[in-house]
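Enquirer: Here it is, the structure in full.
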Amino acid sequence: MKKFIYLFTALLISCSVLGQEKVTLSGFVKDGGNGESMIGANVYLKGTTIATTSNVYGFYSLTLPKGKNTIIFSYIGYTQIVKELDLDKNTSLDVELTEDEKTTLNEVTISSEKENANVKSMEMSVAKLDIKQISKIPALLGEVDVVKSIQLLPGVTTVGEGSGGFNVRGGNIDGNLILLDEAPVFNSSHLFGFFSVFNPDAVKDVKLYKGGIPAPYGGRISSLLDIRMKEGNNKKFEFNGGIGTIFSRFSIEGPIKKDKASFILAGRRSYIDVLAKPIIKQRMPELKDVKFYFYDLTGKVNWRINKKNQVFLSGYLGQDVFGAGFRFDWGNSTATARWNHIFGEKLFLNTTLYYSNYNYFIGFKNENDNTAFDWKSNIINYSLKPDFTYYLNQNNTMHFGGQAIYYNFKPGKAVVTNAQGLKSELGLETKYGLESAIYIDNEQKFGKRFSMQYGLRYSMFNYMGKGTAYSYYDTIPNYRKRLKEETMYAAGKTIKQYGNIEPRLSMKYELTDESSIKASYNRMAQYLHLVSNTAAATPLDIWTPATNNILPQISDQVALGYFRNFKDNMFETSVEVYYKDMQNQLDYIDNSNLLLNKYIEGDLLQGRGRAYGMELFIKKNKGKFTGWISYTLARTERKVEGLSKNEWYFSRYDRPHNMNITTAYELSKRWSFAANFVLMSGTPATFPNVKYEVQGYTVTDNTTEKRNSFRNTAYHRLDISATLTPKKNENRKFKSSWVFSVYNVYNRQNAFTIFFRPNKDNPTQTEAVRYSVLGTFVPAVTYNFNF
């Protein structure tokens, strides 16, 4: 630790002289059409390598020599601005870029940065998507979907339709830190995984880190999905919306005070329950009161107080409601307050305060005898995070800060009502935790070709009272542990404490102007676990903290990549290989009991995990025909003492082969077409290998003691879409488009799972049944509008 600090300090001191006798140019880069801050805009000194990019709030700071300088501001699809400046002191300069009318932006792009950003930037294992690109991808029922879009990228998979979340480089879904304006979202799905919770009309920027995660971020071991909301048009009022097959959406944004304050408010509501109700009432009267819908509301307000201060308030509220003789609800709510402050011209501060709540509820009621059962669960957390960026000089940019997160876990509380109306409560105790971290890193350039980003994060977790801590006797692996003792702890009293040092390192060497090699290493610590024994995540899954019996998850990942562009950046290619070692992965004994079990820790096992693979990516950026091809060759395995003969076994989301082809074709200004094809290996499964006859019935069993030694059939699917833009009337501000799409064109019945059962006609015979969540093609029409 001390050696690292000494090295870090020496590197900074050795280069600090480079910042002497210089001046600083700083300010904000904004979209001239709507006033939105521009993320990743390029600011550079003409004819040199002195350059920077604007941060997520549009702020830039560039150290320059005194005297006359030619500064260029650019962003793909926008007209660049050239400023001739005579600088003799630190200067503040805000600029607004306008869209280039001569540039046709009918291209599928992963990044809105400059064309060779994949080669020049420090980042690797990172994918950036803008909402224009996401909107071109064919999706289920024609609805634009952020989460479904990232599943088309290399290294990202899912266990199938109807499953919430996604898996990144062999990690579980709980290993993904999903941030909406810096507030965590614990369940990113509506309708059991068919749609994401993010309204595309309110989203500005999406960035997925699969590796090389910077020191300011932690708390998960697999990935970071950073979603930034729009700030709202501060020039004029704007309305967006869409009417689709299953739900409609509408948003309004505009200035509160022009060029100073703005807002955006976006909402969605599905109406499949309304459309289906007449049919259900006629054909299934017993389900006449069925409820099956979701809604969400997203809002944001920002106010630029002065050149040094800006504040943001944003929030999200979403809920799914499903009921047919019972009630099943789940949803997320978040609230974020942020304050930007600039100290001088080089030090930028963002302070974030957030609240996040994930909840679900299950209720049953017997109308005949009035008996009832209600179950509610929550995970609530609050956080404070001051984050500093110090633009030391033209070769060094530092990040440092800290974060504290207070967790309130309510894993389950049930109320049972008997026929006499008497209520009784049962459930699990609330658990409390405090996660804190401090971090520092520096991005440094060593000459023209080589650069590094090195940093350190120290995280600590306190599992606290008020509550009961359980201890267990050791036992044979894969057997339930016997309770040893129960100890009560007062509120705020530490039950168990963990601490972890998390080094981060990224390196880049530019071989030529069109090619580079990059490498990264990061250690991540995660103090949360998702308790689930199903192949796909469900809203019923329980989150639990690291305790005196459950160790925090730790991952170490190394990655190496080669990046190369061709034909004036028309084609981008990359090859990345990675290896990830994971400690303390959660598993369960055979026949474990996870439902409202206060001794659940006696049923849990922890072991090792490993994931390794190669990711290939080819993308065409320019021309009428654009798109990308991604292929991932990977393996993800687990090893837990007591399971699968103590040998490595495939994890439940292991897919060795994963190929995605995404294309877009602009036929004319009015018609455009898109398609994507997905081909993946089937997921692992445990199938029976013997059967017994008991009183004329067949019972199947697996005697190999090995987990996931079989595999479901391969998954493949083709989706297509066509977009019609009506002829534009120059005298009208109203714009619209029709999107016609077909999901699963050739009616593939992909196996979500395969199970075995006795044949109905001959119970002595066993039959394998393939269960498909969505085993048919799905056509859809969506009408979008803007004015």
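Enquirer: Hey, does region 628-638 have a residue that's out of contact with any Phe, Trp or Tyr (no Cβ under 9 Å at 6 or more places or on another chain), touching a residue at least 40 places away in the same chain (Cβ under 8 Å) and open to solvent by 30 Å² or more (accessible area, probe 1.4 Å)? Let's see the steps before the verdict.
Expert: Initially, region 628-638 is screened for residues out of contact with any Phe, Trp or Tyr (no Cβ under 9 Å at 6 or more places or on another chain), giving 632-633.
Then keep just the ones that are touching a residue at least 40 places away in the same chain (Cβ under 8 Å); that gives 632.
Filter once more, keeping what is open to solvent by 30 Å² or more (accessible area, probe 1.4 Å): none.
No: zero hits.
Enquirer: List pairs: first in region 684-712 and free of Cβ contacts under 8 Å to residues at least 24 places away in the same chain and surrounded by fewer than 16 Cβ atoms within 10 Å (Cβ to Cβ), second in a loop (DSSP other than H, G, I, E, B) and among the hydroxyl-bearing types (Ser, Thr, Tyr), Cβ under 8 Å, 6+ apart or cross-chain?
Expert: ASN689/THR703; ASN689/THR704; VAL690/THR703; ASN702/THR686
Enquirer: What pairs come out if I take residues in region 592-611 that are without any contact (Cβ under 8 Å) to a residue 12 or more places away in the chain and pair them with residues that are of a type in the set (Phe, Trp, Tyr) whose C-beta lies under 9 Å away, six or more apart or interchain?
Expert: ASN593/TYR599
Enquirer: Need at least 3 residues that are closer than 30 Å to SER644 by Cα and at pLDDT below 90 per element, so show me which strands (runs of 3 or more DSSP E) inside region 657-726 make the cut, counting only ones lying wholly within it.
Expert: 690-694, 697-701
Enquirer: While we're here: Restricting to region 504-553, and then to whatever is of a type in the set (Phe, Trp, Tyr) and under 19 Å from the mean Cα position of the chain (by Cα), can you tell me which residue is modelled with the lowest pLDDT?
Expert: If we take residues in region 504-553 being of a type in the set (Phe, Trp, Tyr) and under 19 Å from the mean Cα position of the chain (by Cα), then TRP543 is modelled with the lowest pLDDT.
Enquirer: Then there is this: Out of everything in region 229-257 that is of a type in the set (Gly, Ala, Ser) and not in a strand (DSSP E or B), what residue ends up being nearest to ASP320 (Cα to Cα)?
Expert: Selected residue: GLY244.
Enquirer: Here's a follow-up. Among the residues of region 455-497, which ones are of a type in the set (Lys, Arg) and farther than 30 Å from ASN442 by Cβ?
Expert: LYS466, ARG480, LYS481, ARG482, LYS484, LYS493, LYS496
Enquirer: Show the residue pairs that are 6+ apart or on different chains and have beta-carbon atoms under 8 Å apart, the first residue being within region 473-485 and touching a residue at least 12 places away in the same chain (Cβ under 8 Å), the second being aliphatic (A, V, I, L, M) and in a loop (DSSP other than H, G, I, E, B).
Expert: From residues that are touching a residue at least 12 places away in the same chain (Cβ under 8 Å), the pairs are PRO477/VAL640; PRO477/LEU643; ASN478/ILE589; ASN478/LEU643; TYR479/ILE589; ARG480/ILE589.
Enquirer: Under the condition of being in a strand (DSSP E or B) and free of Cβ contacts under 8 Å to residues at least 40 places away in the same chain, which residue from region 258-271 is least open to solvent (accessible area, probe 1.4 Å)?
Expert: Only one residue fits best here, namely PHE263.
Enquirer: Continuing with this model, one more query. Of all residues in region 11-46 being among the β-branched types (Val, Ile, Thr) and modelled with pLDDT under 75, which is least open to solvent (accessible area, probe 1.4 Å)?
Expert: Filtering region 11-46 for residues that are among the β-branched types (Val, Ile, Thr) and modelled with pLDDT under 75, the one least open to solvent (accessible area, probe 1.4 Å) comes out as VAL17.
Enquirer: Considering region 59-82 alone, what residues qualify as being under 28 Å from LYS132 (Cβ atoms), open to solvent by 70 Å² or more (accessible area, probe 1.4 Å) and not aliphatic (A, V, I, L, M)?
Expert: Correct list: GLN80 only.
Enquirer: Restricting attention to strands (runs of 3 or more DSSP E) lying wholly within region 446-551, give those where 3 or more residues are open to solvent by 20 Å² or more (accessible area, probe 1.4 Å) and not acidic (Asp, Glu).
Expert: So the answer is 450-464, 467-472, 483-489, 494-512, 515-526.
Enquirer: Name the residue that is least open to solvent (accessible area, probe 1.4 Å), counting only residues in region 220-257 that are over 30 Å from TYR527 (Cβ atoms) and of a type in the set (Ser, Thr, Tyr).
Expert: So the residue we want is SER251.
Enquirer: Output the residues belonging to region 559-609 that are open to solvent by 20 Å² or more (accessible area, probe 1.4 Å), among the charged types (D, E, K, R) and assigned to a strand (DSSP E or B).
Expert: Correct list: ARG564, GLU572, ASP581, ASP587, ARG608.
Enquirer: Taking the stated definitions as given, is TRP330 among the aromatic types (Phe, Trp, Tyr) and open to solvent by less than 20 Å² (accessible area, probe 1.4 Å)?
Expert: Values: among the aromatic types (Phe, Trp, Tyr): yes; open to solvent by less than 20 Å² (accessible area, probe 1.4 Å): yes.
Here the answer is yes, as TRP330 does meet what is asked.
Enquirer: Quick check on region 83-103: of everything there that is hydroxyl-bearing (Ser, Thr, Tyr) and touching a residue at least 40 places away in the same chain (Cβ under 8 Å), which residue is least open to solvent (accessible area, probe 1.4 Å)?
Expert: Within region 83-103, the subset hydroxyl-bearing (Ser, Thr, Tyr) is 91-92, 98, 103.
From what's left, touching a residue at least 40 places away in the same chain (Cβ under 8 Å): 91-92, 98.
Values: THR91: 42, SER92: 64, THR98: 76 Å².
Going through the qualifying residues, I end up with THR91.
Enquirer: Collect the residues in region 115-161 that are at pLDDT below 85, surrounded by fewer than 20 Cβ atoms within 10 Å (Cβ to Cβ) and part of a loop (DSSP other than H, G, I, E, B), keeping them in residue-number order.
Expert: GLU115, ASN116, SER135
Enquirer: Which residues, counting only those in region 599-640, are touching a strand residue (DSSP E or B) at 6+ places or on another chain (Cβ under 7 Å) and charged (D, E, K, R)?
Expert: Residues satisfying the conditions are GLU601, ASP603, ARG608, ARG610, GLU615, LYS619, LYS620, LYS624, ARG635, GLU637, ARG638, LYS639.
Enquirer: I would also like to ask the following. Taking region 202-254, which residues are touching a helix residue (DSSP H, G or I) at 6+ places or on another chain (Cβ under 8 Å) and among the basic types (Lys, Arg)?
Expert: LYS204, ARG220, LYS230, ARG249
Enquirer: Based on this model, can you work out whether VAL745 counts as assigned to a strand (DSSP E or B) and either open to solvent by 70 Å² or more (accessible area, probe 1.4 Å) or at pLDDT 90 or above (or both)?
Expert: no
Enquirer: Based on this model, can you work out whether LYS230 counts as closer than 26 Å to ASP31 by Cβ and of a type in the set (D, E, K, R)?
Expert: Criteria met by LYS230.
Enquirer: Then there's this: Just to be sure, is GLY421 of a type in the set (Gly, Ala, Ser), more than 30 Å from PRO503 (Cβ to Cβ) and crowded, with 19+ Cβ neighbours inside 10 Å?
Expert: Here the answer is no, as GLY421 does not meet what is asked.
Enquirer: Could you list all residues from region 366-386 that are open to solvent by 30 Å² or more (accessible area, probe 1.4 Å) and either in contact (Cβ under 8 Å) with a residue 40 or more places away in the chain or in a strand (DSSP E or B) (or both)?
Expert: ASP369, ASN370, THR371, PHE373, ASP374, LYS376, TYR382, LEU384, PRO386
Enquirer: When the residues of region 333-344 are filtered to those that are in contact with a Gly (Cβ under 9 Å, 6 or more places away or on another chain) and surrounded by fewer than 20 Cβ atoms within 10 Å (Cβ to Cβ), which remaining residue is farthest from ILE440 (Cα to Cα)?
Expert: Per the criteria, the residue is SER333.
The values are calculated or read from the model by the stated rules, or taken from the named source; none is laboratory data. Computed from a prediction, not measured in an experiment: that's the story for all the values here. Note that each Cβ is placed from the backbone with ideal geometry, even for glycine, and that neighbours are counted across all protein chains shown. Protein only, heavy atoms only, side chains kept; ligands, DNA and RNA dropped before computing areas. Shrake-Rupley method; radii C 1.70, N 1.55, O 1.52, S 1.80 Å.
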